[in-house]
Amino acid sequence: MAEKIIIDTDPGQDDALAILLALASPEIEVLGITAAAGNVPLSLTEKNIRKICELAGRSDMGVYAGCSQPMSGTLVTAEYVHGASGLDGADLPEPVMPLQAMHGVDFIIETLRNEPSGTVTICTLGPMTNLGKALTKAPDIAGRIRRVVLMGGGLFEGGNVTPAAEFNIYVDPQAATIVFGCGAPIVMMPLDVTHKVLTTRARIAAFRALGTQVGEVAAGWLEYFERFDEAKYGTDGGPLHDPNVIAYLLKPDLYSGRHCNVEIEMESDLTRGMTVADWWGVSGRPKNALFIRDVDADGFFALLTERLATLGRADTVRQPKLRLV
Ligand code: RIB
Ligand code: CA
């Protein structure tokens, strides 16, 4: 039985590879993809999701625009990492597939209410505004979520947008507070694990060696995306964050971590958006998240490369489903 998921995302080249990995994996059924504002504004992230779906031959996918601003404060974006389009490094055509009329927050609520309780996983790859708003608008959905698997936060690695805060949490700490406090099972992919999966030259060459359009586009995206972090960290390649969320669904044994309490700093300007993870269990607070710290990086890239290789072949390009309206 495939795991039913909603992907909430702010593409972003790393988001794009996560979406492609999900669409290439029969163990996963993507019920829909909701656009978050984050790496670039909502008007671009929703378009980028549609470009990615069409690249994967999935123009049948339901894509929904979510919130354009965080629950509090104003949007912080990251064009300095992802480029003006959010998907710099490869040139994809303007999308033809439609954007759904329903708001992303309502799609999350309706889907969780309509699917059997405990059967839908929410995968957040950007600021968690849409899920935070959905939980606020419809508190009943919290008990219906199978699990939330999210990319965000950091502890031993510190932050990447401030010394204390990782970008997804920093952009919307109020939404993150709501999600971490909602009671649903949470699996957290922080910088502590994503900094261990680096897009080295050899790994990017393996994508290009696939000889497919997806492989070529993925290599171009990563060569662009990694330049900022290579300069910052002085490494061969940069961290590949978001696909770890999907890889965890597919091969959880690639990962290890610890259940612990995670709270979000909201007050201080200095540490706003910091994920205060009680790794050593000194607080006595409830252990509300599985904090993933380690990964088999070679196993991760083998999985990602193997699955991307299946996209674009005739047997994987699905015909658009007739949508009964
Ligand atoms: O800090 C990394 C996260 O911020 C990733 O999800 C990346 O896509 C950006 O959204
Ligand atoms: Ca992202």
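The values are calculated or read from the model by the stated rules, or taken from the named source; none is laboratory data. These figures come from a predicted structure and were not determined experimentally. Quick reminder, even Gly has a Cβ in these numbers, built from the backbone with ideal geometry, and neighbours come from all protein chains shown. The accessibility values were calculated without ligands, DNA or RNA, using every heavy atom of the protein model including side chains. Shrake-Rupley method; radii C 1.70, N 1.55, O 1.52, S 1.80 Å.
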*Among what's in the range 232-255 and is away from ligand 1 (no atom under 16 Å from the Cβ) and open to solvent by 50 Å² or more (accessible area, probe 1.4 Å), pick the residue that is farthest from A297 (Cα to Cα).*
G234
*asked:* Given (1) over 16 Å from S43 (Cβ atoms); (2) open to solvent by less than 20 Å² (accessible area, probe 1.4 Å); (3) within 16 Å of ligand 1 (Cβ to nearest atom), identify the lone condition not met by I108.
replied: (3)
*Scope the range 130-144; condition open to solvent by 10 Å² or more (accessible area, probe 1.4 Å) and closer than 18 Å to Y64 by Cβ; matching residues*: K133, L135, T136, K137
*Among the candidates T119, T129, single out the residue that is of a type in the set (S, T, Y) and within 16 Å of ligand 1 (Cβ to nearest atom).*
T129
_With the requirement that a residue be over 21 Å from P11 (Cβ atoms), part of a helix (DSSP H, G or I) and not polar (S, T, N, Q), what does the range 107-150 give you?_
I109, E110, L112, R113, L135, K137, P139, D140, I141, A142, G143, R144
*Looking at V96, V76, V105, which is the one that is out of contact with any Leu (no Cβ under 6 Å at 6 or more places or on another chain) and farther than 22 Å from D172 by Cβ?*
V96
*Please go through the range 1-32 and pick out each residue that is of a type outside the set (V, I, T) and away from ligand 2 (no atom under 14 Å from the Cβ).*
M1, A2, E3, K4, L23, A24, S25, P26, E27, E29, L31, G32
*Output the residue which, of all residues in the range 183-242 that are hydroxyl-bearing (S, T, Y) and not in a helix (DSSP H, G or I), is nearest to ligand 2 (Cβ to nearest atom).*
T199
_Residues located in the range 256-273, provided they are open to solvent by 20 Å² or more (accessible area, probe 1.4 Å) and either of a type outside the set (K, R) or within 12 Å of ligand 1 (Cβ to nearest atom) (or both)_ = S256, G257, H259, E263, I264, E265, M266, E267, S268, D269, L270, T271
_Any residue that is in contact (Cβ under 8 Å) with a residue 12 or more places away in the chain, farther than 28 Å from V148 by Cβ and open to solvent by less than 10 Å² (accessible area, probe 1.4 Å) - is there at least one of those in the range 78-92?_
yes
*State yes or no: is R227 within 21 Å of the chain's Cα centre (by Cα), surrounded by 20 or more Cβ atoms within 10 Å (Cβ to Cβ) and charged (D, E, K, R)?*
no
